[in-house]
1. Calculated from the structure, Kirkwood radius over Cα pairs in Å equals which of (1) 18.7; (2) 17.0; (3) 17.6?
2. Holding the Cα-Cα limit at 19 Å, pick out from Lys98/Lys144; Lys98/Lys163; Lys81/Lys144 the pairs that are longer than that.
3. Before rounding to the nearest 500, sum -39500 (n - 2.57) across all DSSP H runs of length at least 4 in the chain and divide by the residue total; then give [θ] at 222 nm in deg cm²/dmol.
4. So, in Å, what gap is there between the alpha-carbon centers of the stretch 78-144 and the stretch 13-57?
5. For the chain, what is the relative contact order in percent, using Cα pairs closer than 8 Å and at least 6 residues apart in sequence?
6. Find the accessible area per residue for the chain; the probe is 1.4 Å, ligands and nucleic acids are left out, and the unit is Å².
7. Pop out the carbon and sulfur fraction of the accessible area of the chain as a percent, whole number, probe 1.4 Å.
8. Within the chain, what percent of beta bridges assigned by DSSP are antiparallel, to the nearest 5?
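The values are calculated or read from the model by the stated rules, or taken from the named source; none is laboratory data. What you are looking at is a predicted structure, and each value in this text was computed from that prediction instead of being measured. Don't worry about glycine lacking a Cβ; one is built from the backbone with ideal geometry, like all the others, and counts go over all protein chains shown. Remember, those area values only see protein heavy atoms, side chains included, never the ligands or the DNA or RNA. Shrake-Rupley method; radii C 1.70, N 1.55, O 1.52, S 1.80 Å.
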Amino acid sequence: EPPEGDPTLLAQHAGSTGLLDQLAAIAPAQVTRVAMIGAFFDAEGQFVSDLLKRWPAAKIVLGVEPATVCLSNLPASENLKVVDASNLGRADGYLHAKAVYLQGALGDSLFACGSANPSAPAWLTTGTRANTEAMLVSRGSTAKSGAAEIGLDRLASHPALSKETLREIMSRTRLELQDPQTDATPVL
């Protein structure tokens, strides 16, 4: 257990414990809110489903940039809200940041940022298959100031995207997934 102000590095690779399991092991005892931003969600919505199962009493807020997010499927839950996070950080451009902020019932908190998109391959391992990812985690007052600096602590106050906007995002993403990009040149 590092002191409150010291960051912890979590890492995942094929064969390791998944990032979500590692994060849950150091999360606040009673998570009441999860705020997350990211650009790429897994096609089946498995990662978000796992968040809802792991913390069933928590309100989960996903911050996305509607024009560019890759989001094709979400589980239905009254504890899940998707909001426009385009105004976080710089006001224009592509929201590519990946971060999560957990708040506990006793005022404790955890903030993690790094390479992991909000997707199953980035957070969940399946034996020999997983993305290689790293997240830097802080707790306590350092977590609160990190979340405040990028606006994760305020995501819950944003209005939810309309059902029509979510349908448009998911339809666009599904079309993009069906029409893969041209083959890339292999680079060694």
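1. Correct label is (2).
2. Result: Lys98/Lys163; Lys81/Lys144 exceed 19 Å.
3. Computed mean residue ellipticity for the chain: -7500 deg cm²/dmol.
4. 9
5. 31
6. 53
7. 54
8. 70
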